[in-house]
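Have a look at the structure below before the remarks.
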Amino acid sequence: MSIKHNLDNIQSKIPDHVTLVAVSKTKPISDLMEAYSAGQRIFGENKIQEMAEKHEQMPKDIQWHMIGHVQRNKVKYMAEFVSLIHGVDSLKLLKEINKQAEKYNRIIDCLLQIKIAEEDSKFGMSAKNAQELLISEDVSVLKNVKITGVMGMATFTDNVNQIEQEFKRLKTTFETLKTTDDSLRIISMGMSGDYQLAIDCGSTMIRVGSSIFGARNY
Ligand SMILES: *Cc1c(COP(=O)(O)O)cnc(C)c1O
């Protein structure tokens, strides 16, 4: 199946209020251009260097989302152009993003990554830490970042019930945080295998890779 066919198929299944991020990590520019020609404008990458190279080579009306774990010393390579950073999980990282955004006179949108999975290999903050961060003086002085929502990754499992519980946990966390900060808008959850379930649980942004571009060979 063509990339355009896959994109059309997914778009036909998701409601208007849900944003599709096409996760293009490891894929060649030619694949991304096929998606671009089919109308896709939001791409997600998980390595900063790879994203910066693709940004260089591709049309400038693309919105680039960093969906992977962010190393602080690499924020400078994406600060000029990144449109949303999904995986923010510490004040230290937020401060670095703020510092680099300031150099370009930009405000960079960020999502707080919340740990919803049981396995401990996944990054993310507890709901409690996210709440504390959101109300802290330390964050209120950062003028070049804006926290616009939350992101989560479910456990890698076939157990649909467990995934559903974890998605619901993220939705609940979002609602709680929203009572503190009414400007929060985004719940980034759901990938190729579980985006329908994620949407049923309240997702407003899905990150889909293999269902668009095919399996990845690492
Ligand atoms: C790779 C990746 C995805 C997409 O995964 P698929 O199963 O290929 O849809 C989504 N989110 C994150 C954080 C990823 O690293």
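Quick one: dipole size for the chain, taken about the Cα centre, charges +1 on Lys/Arg Cβ and -1 on Asp/Glu Cβ, in debye to the nearest 20. Mind showing how you got there, number by number?
On the way: 28 positive and 28 negative charges, 105 e Å.
With Lys and Arg at +1 and Asp and Glu at -1, about 500 debye.
What do you get for Rg/Rh over segment 3-212 if you use C-alpha atoms and the Kirkwood form of Rh?
Details: Rg = 16.5 Å, Rh = 17.3 Å.
Result: Rg/Rh = 0.95.
Report the label-to-label distance for Lys4 and Asp61 in nanometres (one decimal), using points 7 Å from each Cα along the Cα→Cβ vector.
Reported label-point gap for Lys4 and Asp61 is 1.7 nm.
Determine the per residue accessible area of segment 3-212 with all protein chains present and a 1.4 angstrom probe, expressed in square angstrom.
Values: 9890 Å² over 210 residues.
Value returned for segment 3-212: 47 Å² of accessible area per residue.
Please give me the summed charge of the neighbours of Gln162: other residues whose Cβ is under 12 Å from its Cβ, Lys and Arg +1, Asp and Glu -1. Present the calculation step by step, with values, prior to reporting the outcome.
Values: positive: Lys168, Arg169; negative: Glu118, Glu119, Asp158, Glu164, Glu166, Asp194.
Once positives and negatives cancel, what remains is -4.
With a point put 7 Å past each Cα toward its Cβ, work out how far Thr155 is from Arg72 in nm, to one decimal.
Going by the 7 Å Cα→Cβ label model, 3.2 nm.
What FRET efficiency do you get for Glu119 and Glu53 if R0 is 41 Å and r is their Cβ-Cβ distance, rounded to the nearest 0.05?
Values: r = 31 Å, r/R0 = 0.76.
Efficiency at R0 = 41 Å is approximately 0.85.
Which one of Val208, Met58, Asn6 is farthest out on the positive end of the charge dipole of segment 3-212, using unit charges on Cβ (Lys, Arg +1; Asp, Glu -1) and the Cα centre as origin?
Met58
Using 0.36 nm per residue, how much length does the chain from Asp181 to Ile135 gain when fully extended, once their Cα-Cα distance is taken away? Could you put the intermediate results ahead of the total?
Values: separation 46, 0.36 × 46 = 16.56 nm, distance 0.83 nm.
Working it through step by step, the gained length comes to 15.7 nm.
Mind checking the log10 I(q)/I(0) for segment 45-155 at q = 0.11, 0.16, 0.23 Å⁻¹? Debye, one equal scatterer per Cα, no solvent, two decimals.
Per q value, in the given order, log10 I(q)/I(0) is -0.33, -0.70, -1.31.
How much of the accessible area of segment 3-212, probe 1.4 Å, is carbon plus sulfur, in whole percent? Please list the in-between numbers first.
Working: 4780 of 9890 Å².
The nonpolar share, carbon plus sulfur, comes to 48 percent.
How far, in nm, would the chain grow between Arg106 and Ser30 when pulled straight, counting 0.36 nm per residue and subtracting the alpha carbon separation? Let's see the in-between values first.
On the way: separation 76, 0.36 × 76 = 27.36 nm, distance 2.98 nm.
That pair, Arg106 and Ser30, stretches by 24.4 nm at full extension.
Computed FRET efficiency, Cβ-Cβ of Ala215 and Asp16, R0 30 Å: what is it to the nearest 0.05?
0.55
The values are calculated or read from the model by the stated rules, or taken from the named source; none is laboratory data. The structure presented is a predicted model; accordingly, all values stated were derived computationally and were not measured. No Cβ is skipped: glycine too gets one built from the backbone with ideal geometry, and neighbour counts run over all protein chains shown. With ligands, DNA and RNA removed, areas are computed over all heavy atoms of the protein, side chains included. Shrake-Rupley method; radii C 1.70, N 1.55, O 1.52, S 1.80 Å.
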